[in-house]
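The values are calculated or read from the model by the stated rules, or taken from the named source; none is laboratory data. The structure presented is a predicted model; accordingly, all values stated were derived computationally and were not measured. Here the Cβ positions follow ideal geometry from the backbone for every residue, glycine too, while neighbour counts run over all protein chains shown. Note: areas computed on protein heavy atoms with side chains; ligands, DNA, RNA excluded. Shrake-Rupley method; radii C 1.70, N 1.55, O 1.52, S 1.80 Å.
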Amino acid sequence: MTTTKSKPAGESTVHLAAAEAFANSATGPEWLRTLRRNGVTHFTELGFPTTKLEDWIYCNVAPITKLAFKPAAIADANVTAKQLAPFAFPGWTGSRLVFVNGHFSPALSLLPASQKGVTITNLAAALASGDKVAESQLAHHASVDGSGFSALSTAFIADGAFIALAPNAVAAEPIHLLFVSVPGDAANTAQPRNLIVAGTNSSAKIVEHYVSLGGAAHFTNAVTEIAVGEGANIEHAKFQEENLEAFHIATVQVTLARDSRFLSHSISTGARLARHNINLVMTGQGVDCVMNGLYAAGGKQLVDHHTVADHAQPHCGSHEYYHGILGGSSRGVFNGKIFVRKDAQKTDAKQTSRNLLLTDTATVNSKPQLEILADDVKCTHGATVGQLNDEALFYCRTRGIAEVNARRLLTHAFASEIVNRITVEPVREHLEQVLWARLEELIEKK
Amino acid sequence: MKQPLIEIKNLSAGINGKQILKGINLTVRPGEVHAIMGPNGSGKSTLGYVLAGRKGYDVTGGSVTYDGKDLIELSPEDRAREGLFLAFQYPVEIPGVNNTYFLRAAYNEQRKHRGQEEVDAVDFLAIVKEKMKLLELPEGMLKRSVNEGFSGGEKKRNEIFQMAVLDPKLAVLDETDSGLDIDALRIVAEGVNKLKRPDNAAIVITHYQRLLNYIVPDFVHVLWNGQIIKSGGKDLALELEEKGYDWLIGKNGK
Ligand SMILES: Nc1ncnc2c1ncn2[C@@H]1O[C@H](COP(=O)(O)OP(=O)(O)OP(=O)(O)O)[C@@H](O)[C@H]1O
Ligand SMILES: [Mg+2]
């Protein structure tokens, strides 16, 4: 991947100083300390991206650089289980790992019954115990220099979720990773670093869930790396419902080995500015992956998805479905890259991006980006931007449904098309509740 | 004679300014079945849409009195709530909306309009199951999104299923028979017959006499070029099947 170098933005000096201080003082094995220093070096070079960079044209991160930078050193101990009740999935029986400001909170977490071949813990613990999988995989998937944000994340590597599945291990229950930001005097920045390593023929369902307590501004800079082994089957859902002052920058970097299956969901309703990079690299043949996404925004929210389906090997399929619902003066950005490398014959790549604009002042920039170097491939893409389908509205009304209710029904349905692809029912139920409430706000405020 | 359920008088209408209906006269009384036949493009679906109140289909002359009210003044949803039902020639797919959920929403809005209490999901399911039997529909259809991925025949059956649940006073069936195989045709037609009562009525738009073997009409009308050019009893359908439309059009042609 090419990266365009930019001059570091002036505001990054504070961040740089903090990163240097952390990298120099934080403990850990030598390889980890080297890794962090490497992050500092790249951050020095890159700084924060500016809108002059093609990948950041619509995503102005200047407000982030103006926010006081107070990275959390530990989990805030004052958070209670009761405060987290609104973020629980109804009828959930699986495990829940809670991270407060990016740091693991054992007291708030529900750890699963131990299961052979399944490790579900936090990264700090894995690093402290000298876990070999963590050592061999951490920062081996996401690039340190993808942007200033990934460099910064690397400099601050400390904690996050760590899940490792031995060959043939099947996680008995879905895993809920809850990232709670509690902005306050001591901290307003969380930089969780998650690592998921799925061995040959293993399988698991994992939900990454980002929320805030209170309405004050905060900054989340998250990186999740997922290595999916041969024949493994992973469903990964990410749900971002942070408060409307929050800044959320996140990368999900996935390496897919031969014959693996990967189902990715990204549902984004919160944050003043949310940027999601979701990169899938197919490094073996016969991979089948789906990228499923939904964003709902209003007010002055900006929600930006940059996705990559990198077909490095032949006979892989990628299917991508993104829906956006935009009200107020919000802006949606969808940039879907499909790379088909020279030898990736028989690639089957499909991408659709559909956007619903609820107001005249909402905007969307939807752009497919296809780079196809093989000749025997099937690649399709389609993008639509518009209002609700008139015919469907009329159909509803001829059944007696009032126009406003028909609009509600169809808007909700547009969201449900995406949500319904999530196979974990309690997650779907939670999403439906949150989304329904958010859509109601967007429809009413229009 | 009973009071008319609908009285269409000299109705003219256009689509986005293009004149399609050019003076339609039709009176339907409770208990009656009227068939409307006519060549492609003669205005049959347009009549259905005008009655249902589709945007862009503007009435330019004449009147429609439905159940004593000026139909044209009513919104599409109010027409439905007053008991008018249109079975679409091409039913619309609504991905993401569960078929049962959709129908219950419609059912309850209609009940609310009539001052009746809304029905909860459990009670509604009982109503729905009853009507499913009538149309021999597979239960799986209830769980799917409205018409999404349904075959042509399934869509038509779903329309009649909706009609069975909503129990309209006046049903306009627009080519509900097209796309149905012979067994499905029989099931749908029998379903329509079972829903027939002395206090409701139907306007059945079709190209084929075979439907009218099952749903026997009291009147048959021929629509051509936006006008009813001939009306008769059920035998007219047989005559049309045999001779086509040319002999009629010839008489009325320009
Ligand atoms: N949106 C539209 N804009 C302009 N003209 C239209 C539109 N929709 C229909 N028409 C025209 O109106 C006329 C009547 O169409 P209509 O669909 O009512 O015919 P029909 O009798 O139902 O035909 P069929 O038997 O094929 O269903 C046709 O000439 C058609 O081309
Ligand atoms: Mg028609």
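Can you name the helices (runs of 4 or more DSSP H) wholly within segment B:34-150 that have at least 3 residues being within 15 Å of ligand 1 (Cβ to nearest atom)?
On the way: elements: B:44-52, B:76-81, B:99-113, B:121-135, B:140-143.
Output list reads B:44-52.
Which residue is farthest from ligand 2 (Cβ to nearest atom), if the candidates are limited to segment B:45-56 and must be touching a strand residue (DSSP E or B) at 6+ places or on another chain (Cβ under 7 Å) and open to solvent by 10 Å² or more (accessible area, probe 1.4 Å)? Can you show your working first?
Here is the first cut: in segment B:45-56, the ones touching a strand residue (DSSP E or B) at 6+ places or on another chain (Cβ under 7 Å) are B:45-52, B:56.
From what's left, open to solvent by 10 Å² or more (accessible area, probe 1.4 Å): B:45-46, B:49, B:56.
Numbers: B:45: 3, B:46: 8, B:49: 9, B:56: 16 Å.
Restricting to residues being touching a strand residue (DSSP E or B) at 6+ places or on another chain (Cβ under 7 Å) and open to solvent by 10 Å² or more (accessible area, probe 1.4 Å), the top hit is B:56.
Please give the number of the condition residue A:274 fails out of (1) among the small types (Gly, Ala, Ser); (2) farther than 15 Å from residue A:317 by Cα; (3) outside any strand (DSSP E or B).
(3)
Can you pull out every residue in segment B:57-67 that is surrounded by fewer than 21 Cβ atoms within 10 Å (Cβ to Cβ) and β-branched (Val, Ile, Thr)?
B:59, B:60, B:65
Give just the number: which of (1) in a helix (DSSP H, G or I); (2) over 30 Å from residue B:112 (Cα atoms); (3) not aliphatic (A, V, I, L, M) does residue B:155 not satisfy?
Result: residue B:155 passes all but (2).
Of the numbered conditions (1) out of contact with any Phe, Trp or Tyr (no Cβ under 6 Å at 6 or more places or on another chain); (2) touching a residue at least 60 places away in the same chain (Cβ under 8 Å); (3) more than 14 Å from chain B (Cβ to nearest Cβ), residue A:348 satisfies every one except a single condition; which is it?
(2)
Only residues that are of a type in the set (D, E, K, R) and within 9 Å of ligand 1 (Cβ to nearest atom): list them for segment B:9-26, please. Before you say what the answer is, go through the steps one by one.
Within segment B:9-26, the first condition is being of a type in the set (D, E, K, R), and the residues that meet it are B:9, B:18, B:22.
Listed by number, the list holds a single entry, B:18.
Looking only at segment A:74-113, which residues are of a type in the set (A, V, I, L, M), under 14 Å from residue A:211 (Cβ atoms) and either under 23 Å from the mean Cα position of the chain (by Cα) or part of a strand (DSSP E or B) (or both)?
A:84, A:85, A:88, A:97, A:98, A:100, A:108
Could you give me the residue pairs with C-beta distances under 8 Å whose first residue belongs to segment B:136-158 and is under 21 Å from residue B:181 (Cβ atoms), whose second residue is open to solvent by less than 20 Å² (accessible area, probe 1.4 Å) and among the small types (Gly, Ala, Ser) wherever it lies, and which are 6+ apart or on separate chains?
As it stands, the answer is B:153/B:184; B:156/B:87; B:156/B:184; B:157/B:184, since those pairs meet every condition given.
Quick test of your reading of the structure: residue A:394 fulfils all but one of (1) open to solvent by less than 40 Å² (accessible area, probe 1.4 Å); (2) within 27 Å of the chain's Cα centre (by Cα). Name the failing condition by number.
(2)
Return yes when residue B:215 is surrounded by 19 or more Cβ atoms within 10 Å (Cβ to Cβ), more than 16 Å from ligand 2 (Cβ to nearest atom) and of a type outside the set (Gly, Ala, Ser) and no when it is not.
Numbers: surrounded by 19 or more Cβ atoms within 10 Å (Cβ to Cβ): yes; more than 16 Å from ligand 2 (Cβ to nearest atom): yes; of a type outside the set (Gly, Ala, Ser): yes.
Criteria met by residue B:215.
Would you check which residues across segment A:346-358 are open to solvent by less than 20 Å² (accessible area, probe 1.4 Å) and under 14 Å from residue A:385 (Cβ atoms) and list them? Before the answer, list the steps.
The first filter runs over segment A:346-358 and keeps only residues open to solvent by less than 20 Å² (accessible area, probe 1.4 Å), leaving A:347, A:349, A:351, A:353, A:355-356.
If the condition is that a residue be open to solvent by less than 20 Å² (accessible area, probe 1.4 Å) and under 14 Å from residue A:385 (Cβ atoms), then A:353, A:355, A:356 are the ones that fit.
Exactly one condition in (1) under 26 Å from residue A:242 (Cβ atoms); (2) without any contact (Cβ under 8 Å) to a residue 60 or more places away in the chain; (3) open to solvent by 40 Å² or more (accessible area, probe 1.4 Å) is false for residue A:73; which is it?
Tallying (1) under 26 Å from residue A:242 (Cβ atoms); (2) without any contact (Cβ under 8 Å) to a residue 60 or more places away in the chain; (3) open to solvent by 40 Å² or more (accessible area, probe 1.4 Å), residue A:73 fails exactly one: (2).
Tell me which of these residue A:359 doesn't satisfy, since it passes every other one: (1) more than 14 Å from chain B (Cβ to nearest Cβ); (2) free of Cβ contacts under 8 Å to residues at least 12 places away in the same chain.
Going through (1) more than 14 Å from chain B (Cβ to nearest Cβ); (2) free of Cβ contacts under 8 Å to residues at least 12 places away in the same chain one by one, residue A:359 breaks only (2).
Hey, could you check segment B:148-163 for residues that are within 13 Å of chain A (Cβ to nearest Cβ) and crowded, with 19+ Cβ neighbours inside 10 Å and say which is farthest from residue B:3 (Cα to Cα)?
For segment B:148-163, the residue satisfying everything is B:155.
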